Amino acid sequence: MKLLNFSTGNAKLGKRLIFSLPAGYSCPHAGVCKTLADRTTGKITDLPQENGPSWQDYRCFAAMAETRPAVRNSRWHNWDLIKETMYVSDNTTDALVALIQQSINEAQPARSKYDLLRIHESGDFWTQVYFNAWLQVARNNPMLKLYAYTKSLGMWYEKRHEIPDNLYLTASVGGTLDYLIPRYPEVFYRVAYVVYTEEQAKQMGLDIDHDDEHCFGPNPFALLVHNVQRAGSEAQKALTKRRKENKWTGYKK
């Protein structure tokens, strides 16, 4: 049986399982950050949508990793397998849950199993059925803490009363459904904002997260723009300035 690929940590994150899909392609509500890496060549295409402040136009951090064939192939394998499972099954949700669960079991180390799982280092919840499957996976694994940044706020709101206690969702600002965040603050209280400078975060009254720790807290927080940004963009100008000041500009590969 074919299984999904999970990685086990990176330069930003410690020991945990990490699941990813192709950036942009699987992000139905991406907005100012919409970025695609060509499946064959890895060439980056920026496709921002005009739904945010005019100055805010930045590349998806995760998409840039897909310039590397191994990363790109792993993520496309996952998306192809999920779609295949959905389209050939009579009970789509149960089939997805079984696939995800078996893949998690296989990815866990034999000793000292990980108790954290990040859903979508890249990608997002792209259908309600797929979102519902992850809800059930969380219910089936009460000792595992699962978390995700998401712009698929409609799917979240639809199931707002059914989110398991061990699934932590963060509303990621910059998508086409941002208007739901202030409308339903009792649901979308943990919110991530991308900022260009430490000063901007301070003005907004936000702490800056570097290790996903804020994904488990009750408050909004900021993420500093990083990685390689589009030439001439305000995001790239901010990175260049920070680099000259010997400040942090990104995670090591």
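Working note: 222 nm ellipticity from helices only, DSSP H runs with n ≥ 4, each -39,500 (n - 2.57), summed and divided by the residues of the chain, gives -9000 deg cm²/dmol to the nearest 500. Across all directions, the shadow cast by the convex hull of the stretch 48-206 built on its C-alpha atoms averages 11.6 square nanometres.
Using every Cα-Cα pair within the stretch 99-175, state what percent have a distance larger than 18 Å. Working shown, then result.
On the way: 1113 of 2926 pairs.
The calculated P(r) of the stretch 99-175 puts 38 percent of pairs beyond 18 Å.
Site pair K237 and T40 shows an inter-label distance of 3.7 nm when each label is modelled 7 Å from Cα along Cα→Cβ. For the pairs K145/K241; K43/K159; K2/K145, flag any whose C-alpha to C-alpha distance is greater than 32 Å. In this structure, K145/K241; K43/K159 lie more than 32 Å apart at Cα.
Most tightly packed first, judged by the mean number of other beta-carbon atoms within 10 Å of their residues, the peptides 124-137, 102-115, 151-164, 26-39 read 26-39, 124-137, 151-164, 102-115. Length gained on full extension, K2 to V129: 43.7 nm, using 0.36 nm per residue less the C-alpha separation.
What is the calculated FRET efficiency for N91 to K113, with r their C-beta to C-beta distance and R₀ = 35 Å, to the nearest 0.05?
FRET efficiency, N91 to K113: 0.80.
Put simply, the amide H of S172, placed in the peptide plane, has neighbours under 5 Å in T150, K151, A192, leaving out anything fewer than 5 places away on its chain.
Any read-out appearing in this document is the output of simple, stated calculations on the displayed coordinates, not a laboratory observation. Keep in mind that what you see is a predicted model, and the values were worked out from it rather than measured. Neighbour counts run over all protein chains shown; Cβ positions are idealised from the backbone, glycine included.
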